[in-house]
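For reference, the structure is listed below as structure tokens.
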There are 2 protein chains.
Amino acid sequence: MANKGEMNGARRRLLGAGVAALAGVIAAPRPARAGHPAHARRWDGEFDVIVVGFGVSGAAAAYEALKAGATVLVLDRGSAAANESHGGYFYLGGGTALQRALKVEDTPENMYKFLIAAYQPAPAEDKIRVYSERSPEHYEWLVKLGIPFGERLFDDAWPTAAGVGLYFSGEEQSWPYREIAVPAQRGHMPSLTGLVAGKRLQQLLLDAAREAGATPLLAADAQTLAMSTDGRVEGVLALVDGKTRAFRAHRGLILATGGFANNRDMVAIHTPQFLDNTPIDVGSNDGWGHRAGEAVGAALERMDGAVAYFNLYPPLSRKQGLLVNAQGQRFIHEDAYYGKLGYAIVRTQGGVAHLVLDAPALGDLNEMAGPRRANRGPVIAAQAPTIAEIERGIGVPEQTLQRTVEFYNHFAAKGEDPLFHKNPKHVRPLTQPPFTALKASVKDVYFPFFTMGGLRTNARTEVLDSEDKPIAGLFAVGRVAAGISTPYYVTSGSSMGEGTLFGRIAGVNAAANGRV
Amino acid sequence: MANKGEMNGARRRLLGAGVAALAGVIAAPRPARAGHPAHARRWDGEFDVIVVGFGVSGAAAAYEALKAGATVLVLDRGSAAANESHGGYFYLGGGTALQRALKVEDTPENMYKFLIAAYQPAPAEDKIRVYSERSPEHYEWLVKLGIPFGERLFDDAWPTAAGVGLYFSGEEQSWPYREIAVPAQRGHMPSLTGLVAGKRLQQLLLDAAREAGATPLLAADAQTLAMSTDGRVEGVLALVDGKTRAFRAHRGLILATGGFANNRDMVAIHTPQFLDNTPIDVGSNDGWGHRAGEAVGAALERMDGAVAYFNLYPPLSRKQGLLVNAQGQRFIHEDAYYGKLGYAIVRTQGGVAHLVLDAPALGDLNEMAGPRRANRGPVIAAQAPTIAEIERGIGVPEQTLQRTVEFYNHFAAKGEDPLFHKNPKHVRPLTQPPFTALKASVKDVYFPFFTMGGLRTNARTEVLDSEDKPIAGLFAVGRVAAGISTPYYVTSGSSMGEGTLFGRIAGVNAAANGRV
């Protein structure tokens, strides 16, 4: 709600070019056309199932449709399968083989209880049920595809050691969740390392789809869905080599086109608080699938949903620090999943924050792990022998930060955090100079985001209209569909987990769908 | 983001009836059908313009369409024109006759500057421009219709004296707005009093439409829009006396159907944070117009937008109090417009707050004005001679509220509020016992809300699809359309102001539209 000045670039499409230039606005990528479904008269190719988008969700969908005996066309706008699935790990539980092997106690019911609590006030109960119950089987499927998972257990978030297969990727240990469900490690991490672990993981999934028979048509730019005269989605029109081609899907068309973080108009309309964040999505995530679905009558759900990453972990010792707002006050337990920290900074604090640390909590600045973040490490706002100097250094009102630290230390000496119930293992008085404030405001640091809102679907992945009736022939999976982790995100790895599991479900259901 | 337990009634449609009963969930009113646009074969009546919904927006639309010479059908679901337009006043400015008479300095540019700043980060620039420029003329129009405005100027929000015509209904005096634009009173208040001032005001507008020739068809329950085969909205199917009737609109159909606060499914999907708030809208505000628009390809905008009213003003002295969250911390300037206070409580504080006052700030409990709120006055959570006792009484952590008050008093003694820049005229140390904490949590008090998100329209009130192309023949005004005060609300009276001004624009444009 903070005033950000008149010229923030939002509603750019409503401004004249001159004003936009004045505001230093960069032109948005021109979104592909999606608004008007076409009726195709002739087809350039006919298939049982068409999958639009060859990321992990699309790959899983194509794989299962092919295994079910369907003929499948996969279209992707990219010139190579270069879609970036951000995470390199899967949120899974309910007693997977890896959990059992590492003696992590978990059941589908326990996972369900946690997810229902974590995604209040309006959890997607049906999808959470399916996700919790099918997780163990889905893990087996991933293993069978050749994904090599690590074999060691890690007792917290953000494992830095090699070989970890299972760790806490979400909010399981945070209050109040740790009292609602037994905390279980559910971040299933493949033993892939290096600069492009996420991409290599995706490649494994894409290769599996290819081995199953998928031959993706690349550089194929989907333009509009094709509707039959009786209101069924029966195909898609795509630009291929500069020509519009019509492809028919006899049984089902699966949208797997990702989010809309790179469509600045859609961000301004649906998630304007995130206009200052950097889209983490690949450039092709321009909401084409959302708009194409809308154009054939699909309902949208939770379009305000987005995740922003407060990108300052690890090392773990930073959780000992205090995250403070423009008033020098704390506003969250600092051991929260970093997507939750980011959400709180953007949504409840107007994008303004600092992380205050003493010497041991700061740890080694060079320890900033995560190869993709190597050149986007912590930025020091102030470093000084006293908190009073830090207070002046970061420009919060006089006496505020000092009182915040003094209050925190008073209870931290007893291992308590009465304000936000930080896990006691991270609670320690901040007393050892020098003190450091790291920048944590959206405008000051690399603060990526991606969108979570999408087409309304049921647990069968059928796309629904505003009356909850399925739109015949249309399915959606991955970030183009509203899912479990909407509108925010406290279970890292669930985009990969949901995307692939519900991708599989879409593939099976589309292949089994009645033929046009 | 607070955990509210598993059984909050959201996603009720996904639960079995047994679970819903267990959760104490009340069945939602069954929404009228809207999902599938029909093609009508014969018509029971043909008109130039059809207006669906006879509230103030619909009345203004019908009035102007009739004045332009169009034949007009007005449909309303109610058995009498009993739609409740909440406010009894209009947010207008830019130098209205009343502003000039009362020597309030304002220009369209000044109003524009304020509104652009107030509705960051993505203000609806085009609509704000029209609203600011046409406000003075619109005021004349309202006067000509016979609406009697008060003649006295009031220097703050919430006039309690009689005869006030102009006061601060929004955030104009708050920081930072008071430094961005010259604060001008823009709440234009009619001299109508009593229990049903809002209703009487609406009645005046409805009567004006009737005098212009509108003969509303009441108890007419719109079911679906009718589409021509070439994709133009050409009418509506409505249930009248148990039979489906088809009404044709040759030039344009105007949706003026209000918000969706009474559709609990839509609230769960789009504004789940407000599930515990009480819908202020009339029961018929079930989002039918949103769904009908969606079904013909309209895009939705800012569906997360909603206003919640922290309902404890006047007396003004309460602004001297401290609004504190579950951590005993302040989070906003307490002199904010009460819709902004409500928004902050719901959106940034998980719905939990108390208002802490000393004896003079409390004032007279019986002074709680606003006849409709007579039996929903303040609720005392704690009253005691010391803040320490208040702290225990409201259950915030030990030492938090005491430190908050001590800090506040320290600077208040100098007339300063370094944390939130409360207007100095309301800043005073809270030192005089007894101290009182009033309940301000969503679950503890009457905490009404209504929704602000709606169909995407341009400043001509044409409904747009996801590519910003107008849907031929379809217009939308009032809360069914996304407007200026979306996604939140810091200008009380702008629903009435926007609704009637853009209602008029819709009436003119629909009447001038090309005939089918």
**Study point:** B:GLY93 vs. criteria within 26 Å of the chain's Cα centre (by Cα), modelled with pLDDT of 95 or more, more than 26 Å from B:GLU294 (Cα to Cα) and in a loop (DSSP other than H, G, I, E, B)
**Key:** yes
Practice item. Test each condition in (1) out of contact with any strand residue (DSSP E or B) (no Cβ under 7 Å at 6 or more places or on another chain); (2) open to solvent by 10 Å² or more (accessible area, probe 1.4 Å); (3) assigned to a loop (DSSP other than H, G, I, E, B); (4) at pLDDT 90 or above for A:PRO136 and report the one that comes out false. Key: (3)
Revision key, fill the gap. Across segment B:240-275, the tally of residues that are of a type in the set (Gly, Ala, Ser) and touching a Phe, Trp or Tyr at 6+ places or on another chain (Cβ under 7 Å) stands at 5
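So that you can scan it fast, the table gives a plain yes or no per residue for (1) on the phi > 0 side of the Ramachandran plot; (2) within 25 Å of the chain's Cα centre (by Cα); (3) modelled with pLDDT under 95:
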position	(1), (2), (3)
B:ASN409	no, no, no
B:GLU416	no, no, no
B:LYS425	no, no, yes
B:PRO429	no, no, no
B:PRO433	no, no, no
B:ASP444	no, yes, yes
B:THR457	no, yes, no
B:GLU467	no, no, yes
B:SER495	no, yes, yes
Point to revise | Test result for B:VAL490, over 18 Å from the mean Cα position of the chain (by Cα), open to solvent by less than 10 Å² (accessible area, probe 1.4 Å) and within 14 Å of another protein chain (Cβ to nearest Cβ) | key: no
Check your understanding: Got at least one residue in segment B:342-352 being among the aliphatic types (A, V, I, L, M), in a helix (DSSP H, G or I) and without any contact (Cβ under 8 Å) to a residue 60 or more places away in the chain?
Key -> yes
Point to revise | Complete set of residues in segment B:112-129 that are touching a Pro at 6+ places or on another chain (Cβ under 9 Å) and outside any loop (DSSP other than H, G, I, E, B) | key: B:PHE114, B:LEU115, B:ILE116, B:ALA117, B:ARG129
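Listed here are the residues, each with its yes/no results for (1) without any contact (Cβ under 8 Å) to a residue 40 or more places away in the chain; (2) assigned to a strand (DSSP E or B); (3) within 8 Å of chain A (Cβ to nearest Cβ).
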| position | (1), (2), (3) |
| --- | --- |
| B:GLY252 | no, yes, no |
| B:PHE260 | no, no, no |
| B:VAL267 | no, no, no |
| B:MET303 | no, no, yes |
| B:PHE310 | no, no, no |
| B:LEU323 | no, yes, no |
| B:ALA326 | no, no, no |
| B:ALA336 | no, no, no |
| B:GLY339 | no, no, no |
Exercise for review: Give segment B:398-429 a look and list any residue that's surrounded by 21 or more Cβ atoms within 10 Å (Cβ to Cβ) and touching a Leu at 6+ places or on another chain (Cβ under 7 Å), or say none.
Suggested key: B:THR404, B:VAL405, B:TYR408
Practice item. Those residues that are more than 14 Å from chain B (Cβ to nearest Cβ) and touching a residue at least 24 places away in the same chain (Cβ under 8 Å), I need them from segment A:132-145; list them, please. Key: A:GLU133, A:ARG134, A:SER135, A:PRO136, A:HIS138, A:TYR139, A:GLU140, A:TRP141, A:LEU142, A:VAL143, A:LEU145
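Name every residue in segment A:435-463 that is in a strand (DSSP E or B) and open to solvent by less than 10 Å² (accessible area, probe 1.4 Å), in order of residue number.
Initial filter on segment A:435-463 (in a strand (DSSP E or B)): A:435-439, A:448-451, A:454-455, A:457, A:462-463.
Across segment A:435-463, the qualifying residues are A:THR436, A:ALA437, A:LEU438, A:PRO448, A:PHE449, A:PHE450, A:THR451, A:GLY454, A:LEU455, A:VAL463.
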Study note, to complete from the structure: Exactly one of B:ALA511, B:ALA472 is within 24 Å of B:THR71 (Cβ to Cβ) and within 13 Å of chain A (Cβ to nearest Cβ), and that residue is B:ALA472
Practice item. Those residues that are among the small types (Gly, Ala, Ser) and part of a helix (DSSP H, G or I), I need them from segment B:312-321; list them, please. Key: B:SER317
Check your understanding: Of the residues in segment A:493-508, how many are over 30 Å from A:PHE168 (Cβ atoms) and either open to solvent by less than 10 Å² (accessible area, probe 1.4 Å) or within 13 Å of another protein chain (Cβ to nearest Cβ) (or both)?
Key -> 1
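Let me confirm something: among B:TYR63, B:TYR112, B:TYR89, which residue is within 14 Å of chain A (Cβ to nearest Cβ) and open to solvent by 20 Å² or more (accessible area, probe 1.4 Å)?
Answer to the selection: B:TYR112.
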Point to revise | Residues located in segment B:271-301, provided they are in a loop (DSSP other than H, G, I, E, B), buried (at least 23 other Cβ atoms within 10 Å of the Cβ) and within 8 Å of chain A (Cβ to nearest Cβ) | key: B:GLY297, B:ALA299
Check your understanding: Quick one: in segment A:404-424, which of the residues that are in a helix (DSSP H, G or I) and at the interface with chain B (Cβ under 10 Å from one of its Cβ atoms) is farthest from A:GLN173 (Cα to Cα)?
Key -> A:GLU406
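Per-residue answers, yes or no, for (1) part of a loop (DSSP other than H, G, I, E, B); (2) open to solvent by 10 Å² or more (accessible area, probe 1.4 Å); (3) within 14 Å of chain A (Cβ to nearest Cβ):
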position: B:GLN99; (1), (2), (3): no, no, no
position: B:LYS103; (1), (2), (3): yes, yes, no
position: B:ILE147; (1), (2), (3): yes, no, no
position: B:ALA162; (1), (2), (3): yes, yes, no
**Study point:** Flag for B:VAL442 being within 25 Å of A:ARG347 (Cβ to Cβ) and of a type in the set (Val, Ile, Thr)
**Key:** yes
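Step by step: first the residues of segment B:392-403, then only those that are part of a helix (DSSP H, G or I) and either within 19 Å of B:GLU334 (Cα to Cα) or among the β-branched types (Val, Ile, Thr) (or both), then the one that is farthest from the other protein chains (Cβ to nearest Cβ). Which residue is that?
Applying the filter and picking the extreme gives B:ILE394.
The values are calculated or read from the model by the stated rules, or taken from the named source; none is laboratory data. None of these values were measured; they are calculated from a predicted model. Virtual Cβ from ideal backbone geometry, glycine too; neighbours counted across all protein chains shown. When the accessible area is computed, the model is the full protein with side chains, heavy atoms only, and any ligands, DNA or RNA have been set aside. Shrake-Rupley method; radii C 1.70, N 1.55, O 1.52, S 1.80 Å.
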